[in-house]
Amino acid sequence: MNISSPGWAKWAWSTFFAAFNAGATTVVYDYSGRFSAANHLKILENYGIDTLCAPPTVWRMIILEDLTKYNLEKIKSFVSAGEPLNPEVIERVYKATGKYIRDGYGQTETTLMVGNFPGMKIKPGSMGKPAPGYDIVLVDEDGNPVGVGKDGHIAVRASPRPVA
């Protein structure tokens with residue numbers, strides 16, 4: 001299940017293209033009005049959904065619920081993308097479910113370029129490592145690579161040209 005707006009590329013990639021490539025089933029819940037974390041948690045529980053992808057805004061609403069009231073044992077993977085996900089949210093979900101939210105970064109044109117992939121040790125607050133096929137470097141304002149532990153801008157080397 002992917003909670004995102006049909007106007008976003010994330011919706012198409014996660015709801016159709018990735019599921020089609022994997023031969024997976026998707027669940028679409030059409031609702032009107034405001035988002036309800038409680039309703040979505042009941043859907044996860046009732047339909048045995050095993051993967052939930054949601055933007056950080058939704059995750060922040062989900063942790064306002066008492067997650068221990070829901071049976072989320074069938075969920076194998078929690079995923080997030082779209083904006084930075086604060087470590088506190090990741091920790092709260094982990095404490096309630098025993099599973100980390102795997103965060104990632106990508107663009108409409110590229111899909112996922114940096115992510116926390118299955119099997120990786122999760123560092124809450126980190127968006128992970130470069131995805132296969134992308135030569136990623138963090139650079140300063142002048143385009144120079146920055147050192148380990150320093151803030152920088154995500155840059156993708158275009159030679160050789162990435163697949164996406």
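The values are calculated or read from the model by the stated rules, or taken from the named source; none is laboratory data. None of the values given here were measured: they were computed from a predicted structure. Glycine also receives a Cβ, built like all others from the backbone with ideal geometry; neighbour counts cover every protein chain displayed.
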Quiz prompt | Residue under evaluation VAL93, criteria (1) closer than 23 Å to ASN46 by Cβ; (2) in contact with a strand residue (DSSP E or B) (Cβ under 8 Å, 6 or more places away or on another chain); (3) not in a helix (DSSP H, G or I), criterion not met | solution = (3)
Self-check item: Close pairs (6 angstrom Cβ cut-off, 6 or more residues apart or separate chains): under 8 Å from THR51 (Cα atoms) in region 70-82, in a strand (DSSP E or B) anywhere
Solution: SER77/THR51; PHE78/LEU52; PHE78/ILE101; VAL79/CYS53; VAL79/ARG102
Quiz item: Of all residues in region 93-119 being among the small types (Gly, Ala, Ser) and either surrounded by fewer than 16 Cβ atoms within 10 Å (Cβ to Cβ) or under 14 Å from the mean Cα position of the chain (by Cα) (or both), which is farthest from ALA54 (Cα to Cα)?
Solution: GLY119
Quiz prompt | Conditions (1) of a type in the set (Asp, Glu); (2) at pLDDT below 95; (3) loosely packed, with under 15 Cβ neighbours inside 10 Å; number of the one not met by GLU141 | solution = (2)
Quiz item: Only one of (1) more than 30 Å from LEU67 (Cα to Cα); (2) touching a residue at least 40 places away in the same chain (Cβ under 8 Å); (3) not aliphatic (A, V, I, L, M) fails for GLY147. Which number is that?
Solution: (2)
Quiz item: Out of region 149-164, which residues are β-branched (Val, Ile, Thr) and assigned to a loop (DSSP other than H, G, I, E, B)?
Solution: VAL163
Practice problem: Say whether the condition of being farther than 25 Å from PRO6 by Cβ, at pLDDT below 95 and in a helix (DSSP H, G or I) is met by at least one residue in region 80-87. | Solution: yes
Self-check item: Residue check, ILE122 touching a Phe, Trp or Tyr at 6+ places or on another chain (Cβ under 8 Å), of a type outside the set (Phe, Trp, Tyr) and either surrounded by 14 or more Cβ atoms within 10 Å (Cβ to Cβ) or at positive phi (or both)
Solution: yes
Self-check item: Residue ID - surrounded by the most Cβ atoms within 10 Å (Cβ to Cβ), chosen from residues in region 28-60 that are among the β-branched types (Val, Ile, Thr) and within 19 Å of ARG102 (Cβ to Cβ)
Solution: THR51
Quiz item: Do the conditions hold for SER32, that is, is it assigned to a loop (DSSP other than H, G, I, E, B), of a type outside the set (A, V, I, L, M) and outside the structural domain of ILE62 (by TED's automatic domain parsing)?
Solution: no
Practice problem: Return yes when GLY133 is closer than 18 Å to VAL156 by Cα, assigned to a strand (DSSP E or B) and not hydrophobic (A, V, I, L, M, F, W, C) and no when it is not. | Solution: no
